[in-house]
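See structure below.
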Amino acid sequence: MKNKSKRQAVNLDDPLYYNNRELSWLYFNKRVLEEASDTRNPLLERLKFLAIFGTNLDEFFMVRVAGLKDQLKLGFNKLDSTSGMTPNQQLQKISQQSRRLVKSHDQLFKDTLKPILKGEGIQFFNIEDLNATQYNFVSNHFKNYIFPVLTPMAIDAYRPFPILLNKSLNLAVLLEDNSSDTSARLAIVQVPAVLDRTLNIPSSNKNKGFVMLEEVISYFIKELFQGNKVHSVSPFRITRNADLTIQEESASDLLGEIEKELKKRKWGSAVRLEIQKGNMEKKVLLFLLKVLELKQDDVYEVEGSIDLSFLLDFYDQESTYFEHLVYKKLFPQYPAGLSMDDDIFDVVDKKDLFFHHPYESFQPIVDMIAQAATDDRVLAIKQTLYRVSGDSPIIKSLAKAAKFGKQVTVLVEIKARFDEQKNIQWAKKLEKAGCHVIYGLTGLKTHSKITLIITKKNEKIQRYVHLGTGNYNDTTAKFYTDMGILTSKESFGEDATNFFNVLSGYSENPSWRELVLAPFEMRDTFVEMINREIIEHEKNSDGRIIAKMNSLTDKPIIIKLYEASQAGVKIDLIVRGICCLKPGIKNVSENIRVISIVDRFLEHSRVFYFHQNGADKIFLSSADWMTRNMEKRIELLFPVYEGRAKKRIKEVLETTLLDNKKARSLQTDGSYCYVDNNEETKNIQSQHIIYQLAAKNNTTK
């Protein structure tokens, strides 16, 4: 009763108890940037984190910042439902925090990592510093390979300012002229994306030297403007609004509607302009701001190179030459309970299988679909696809299955952001192969990860169901942490059949035996489970919740977690990215701890553990605790029953909570700090320990 009165005394709707979604995301990207400065990481891995930070920020501006700007244009001034901030207030805070991060990002590469690279025999040169041999090489390379690709675009009354591609790197070239009309003597040269951003130049010994492509073009730019004198050359980059606006209800051809919108994405309204500090004439900048309809607040200056995303390709190119500068390879184990010689369907007839990628190989899932494609016992394959790899073996197997006469039904989510074009291509390929392709339900993204394989064995129908927390993507499965189960239990098979009938037909939402779906009842199920934990704690004083996810934004669930904390339930949250919940507030969240792990593998699994006085209820899901997952997506939550799998999942969760090398703890003010560590404490890097546990499980199966 005491706990109940305390809960009533505090207004849990108060914005003071919540972090803003956008600012929380920026704190996440700050943690990514911290990995680039972490000297415990190999040098080339630090470059990779620099690139990831930049591509993350690009997407943030293209979607989240663009959305807030759209709200301002439409006069929409509704307060953010959690933090109570207006769109304009959010944009101001985003600008302040982003500028600090961009400055750190720029300086880290320019002032810290470049000198270290030089010490390892990897040097980025300025053209002025090249010796005669190197200069001649660059000059000849420009003449023979770069110059023919370039297109100078003059700007005048007959040649208006070009519509520049989103995220393209460009050079603003100002030619000398006495005219006061800047546009009369301004030209744009796009740095060709088809060419490598770094030019490998001859160097002594085993050293490797590079010069940036835009610097080469800038240095020899006069070759494009014969008879003119170049006054200045200024690199710049535009980020555009890339969010799609699709009217699904009125679209007679959803595929065609999305394809039309994808074409617009390249030319969306500008939301950010990146320039090199001190390298652009004021009149050129003012002209760009005018034609792009941007303000000074939208300009981001760097001293070094604009757009460090090229470091991803640079990493791929150089990691083979400098193996000591990358992570030591960790080879995935074959999943416990399964060997390469096993028929996976025969194994699953006897027991459920649990998978933990990338510590355990994703290959058995790929092989299972490949086997099903030609297996005479298989009658049908049904699968949801959200994001797949560029040369997906799963797509090939599904197409092959249709050609072998199997009934193949594939839900391809063509609204998966930034994968729309690729998924449309896959959908068309599958249709041509004879698969039945569906695109989901109107107004909802299908984010579920499920495969149903139907066989006929001994004159009986047998169903096999794979459920996971991550995509059917053989590439990302090598560096995303995800979990999944494979079962032949009839209750799961029945639910899976009903699930696909709901997606493909007009079937009403049935009574589910195992699966819980969003947007229908998932949030209610989570609220009910938290309520049960509160009740058990009031009886037994042993309440415990552990939840692992990518992001936490859903206010009804946060409020329920606050109530559980007030009741005394111990709550540990492992949230990689956004977290709108504030831990450690007296009488509100003092029993809640939040940590974030950013390490070599991207933490992606969604795991939910409820102690239930020793009954240990464990669920895996495709869904985060985000409002969009609860209300606007088709998601699946499923229980884990098999004892060994439950034990392994608990072991993973507890190991993650002990991390004191890569774990950061969320503070009440929304910031993060490394988990306290001292000389007497054993160093625990959870991802390394979990890999060792996977190896141990593999040998003791």
Criterion first (over 24 Å from Y674 (Cα atoms) and surrounded by 22 or more Cβ atoms within 10 Å (Cβ to Cβ)) does R633 satisfy it? yes
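Take the residues of region 111-123 that are of a type outside the set (V, I, T) and surrounded by fewer than 19 Cβ atoms within 10 Å (Cβ to Cβ): which is nearest to M212 (Cα to Cα)? Explain how you work it out, then say what you get.
Taking region 111-123 first, the residues of a type outside the set (V, I, T) are 111, 113-115, 117-121, 123.
Filter again for surrounded by fewer than 19 Cβ atoms within 10 Å (Cβ to Cβ), leaving 111, 114-115, 118-121, 123.
Numbers: D111: 17, K114: 13, P115: 16, K118: 15, G119: 19, E120: 19, G121: 17, Q123: 11 Å.
Among residues in region 111-123 that are of a type outside the set (V, I, T) and surrounded by fewer than 19 Cβ atoms within 10 Å (Cβ to Cβ), the one nearest to M212 (Cα to Cα) is Q123.
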Return the residues of region 299-316 that are farther than 14 Å from D58 by Cβ and not hydrophobic (A, V, I, L, M, F, W, C); say none if nothing qualifies. E301, E303, G304, S305, D313, Y315, D316
Restricting region 682-701 to residues that are of a type in the set (S, T, N, Q) and at pLDDT below 85, the one surrounded by the most Cβ atoms within 10 Å (Cβ to Cβ) turns out to be N697
Return a yes/no flag: does region 428-447 have any residue that is under 26 Å from E631 (Cα atoms), outside any loop (DSSP other than H, G, I, E, B) and at pLDDT 95 or above. no
Tell me yes or no: at least one residue of region 356-373 is touching a residue at least 60 places away in the same chain (Cβ under 8 Å) and either among the basic types (K, R) or assigned by TED's automatic domain parsing to the domain that holds L693 (or both). no
Determine if region 637-658 includes at least one residue that is modelled with pLDDT of 95 or more and under 20 Å from the mean Cα position of the chain (by Cα). no
Kindly indicate whether A372 is small (G, A, S) and crowded, with 21+ Cβ neighbours inside 10 Å. yes
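Being farther than 13 Å from S622 by Cα and in a strand (DSSP E or B) is the filter here; which residues of region 474-491 pass it?
Filtering region 474-491 down to residues farther than 13 Å from S622 by Cα leaves 474-480, 486-491.
Listed by number, the residues that qualify are Y480, L486, T487.
Would you tally the residues in region 346-370 being of a type outside the set (A, V, I, L, M, F, W, C) and touching a strand residue (DSSP E or B) at 6+ places or on another chain (Cβ under 8 Å)? Lay out the reasoning, then the answer.
Residues of region 346-370 of a type outside the set (A, V, I, L, M, F, W, C): 346, 349-352, 356-361, 363-364, 367.
Next, from what is left, pick out any that are touching a strand residue (DSSP E or B) at 6+ places or on another chain (Cβ under 8 Å): 349, 352, 356-361, 364.
Looking only at that region, the number is 9.
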Screening A547, A496 for residues that are in a helix (DSSP H, G or I) and within 23 Å of H356 (Cβ to Cβ) leaves only A496
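When you go through F499, F479 one by one, which is the residue that is hydrophobic (A, V, I, L, M, F, W, C), at negative phi and surrounded by fewer than 17 Cβ atoms within 10 Å (Cβ to Cβ)? Outline the logic, then answer.
Values: F499 fails: surrounded by fewer than 17 Cβ atoms within 10 Å (Cβ to Cβ).
Exactly one residue qualifies, and that residue is F479.
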For a quick check of your reading of the model, give me the residue pairs whose first member lies in region 385-396 and is surrounded by fewer than 19 Cβ atoms within 10 Å (Cβ to Cβ), whose second is of a type in the set (S, T, Y) and assigned to a loop (DSSP other than H, G, I, E, B), with beta-carbon atoms closer than 7 Å and at least 6 apart or on different chains. S389/T475
Find all pairs meeting these conditions: Cβ atoms under 6 angstrom apart; at least six residues apart or on different chains; first residue within region 322-350 and within 30 Å of I453 (Cα to Cα); second residue of a type in the set (K, R). A336/K701; G337/K701
State the number of residues belonging to region 403-433 that are touching a Ser or Thr at 6+ places or on another chain (Cβ under 8 Å) and surrounded by fewer than 18 Cβ atoms within 10 Å (Cβ to Cβ). 1
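Any residue in region 481-502 that is among the acidic types (D, E) and either touching a His at 6+ places or on another chain (Cβ under 9 Å) or assigned by TED's automatic domain parsing to the domain that holds H611 (or both)?
We begin by selecting, within region 481-502, every residue among the acidic types (D, E); these are 482, 490, 494-495.
Then keep just the ones that are either touching a His at 6+ places or on another chain (Cβ under 9 Å) or assigned by TED's automatic domain parsing to the domain that holds H611 (or both); that gives 482.
Yes, the conditions are met somewhere in region 481-502.
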Hey, among the residues in region 75-129 that are of a type in the set (A, V, I, L, M, F, W, C) and not in a helix (DSSP H, G or I), which one's modelled with the lowest pLDDT? F76
When the residues of region 159-218 are filtered to those that are small (G, A, S) and outside any loop (DSSP other than H, G, I, E, B), which remaining residue is modelled with the lowest pLDDT? S183
Scanning region 302-344 residue by residue, those under 30 Å from K277 (Cβ atoms) and among the acidic types (D, E) turn out to be E303, D307, D313, D316, E318
Only one of (1) part of a loop (DSSP other than H, G, I, E, B); (2) surrounded by fewer than 20 Cβ atoms within 10 Å (Cβ to Cβ) does not apply to A336, and that is (2)
Identity of the residue in region 573-614, in contact with a Pro (Cβ under 7 Å, 6 or more places away or on another chain) and in a strand (DSSP E or B), that ends up surrounded by the fewest Cβ atoms within 10 Å (Cβ to Cβ): R593
Taking into account only those residues within region 457-473 that are modelled with pLDDT under 95 and of a type in the set (D, E, K, R), which is surrounded by the fewest Cβ atoms within 10 Å (Cβ to Cβ)? E459
Condition first: among the hydroxyl-bearing types (S, T, Y), assigned by TED's automatic domain parsing to the domain that holds Q317 and closer than 30 Å to L50 by Cβ. Can you find one or more residues in region 182-189 that meet it? no
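Here is a yes/no grid of residues against (1) surrounded by 17 or more Cβ atoms within 10 Å (Cβ to Cβ); (2) part of a loop (DSSP other than H, G, I, E, B); (3) of a type in the set (D, E):
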| site | (1), (2), (3) |
| --- | --- |
| K283 | no, no, no |
| Q317 | no, no, no |
| F331 | no, yes, no |
| V347 | yes, no, no |
Please give the number of the condition L108 fails out of (1) surrounded by fewer than 13 Cβ atoms within 10 Å (Cβ to Cβ); (2) over 14 Å from S24 (Cα atoms). (1)
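Inside region 370-397, can you point out the residues that are of a type in the set (G, A, S) and touching a Ser or Thr at 6+ places or on another chain (Cβ under 8 Å)?
At the first step, the residues of region 370-397 found to be of a type in the set (G, A, S) are 370, 372-373, 380, 389-390, 392, 397.
Hits for region 370-397 are A370, A372, A373, A380, S389, G390.
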Would you be able to tell me the number of residues in region 130-152 that are surrounded by 13 or more Cβ atoms within 10 Å (Cβ to Cβ), part of a helix (DSSP H, G or I) and out of contact with any Leu (no Cβ under 7 Å at 6 or more places or on another chain)? 6
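The values are calculated or read from the model by the stated rules, or taken from the named source; none is laboratory data. Since this is a predicted model, take the numbers as computed values, not measurements. When we count neighbours, we look across all protein chains shown, and the Cβ atoms used for this are built from the backbone with ideal geometry, even at glycine.
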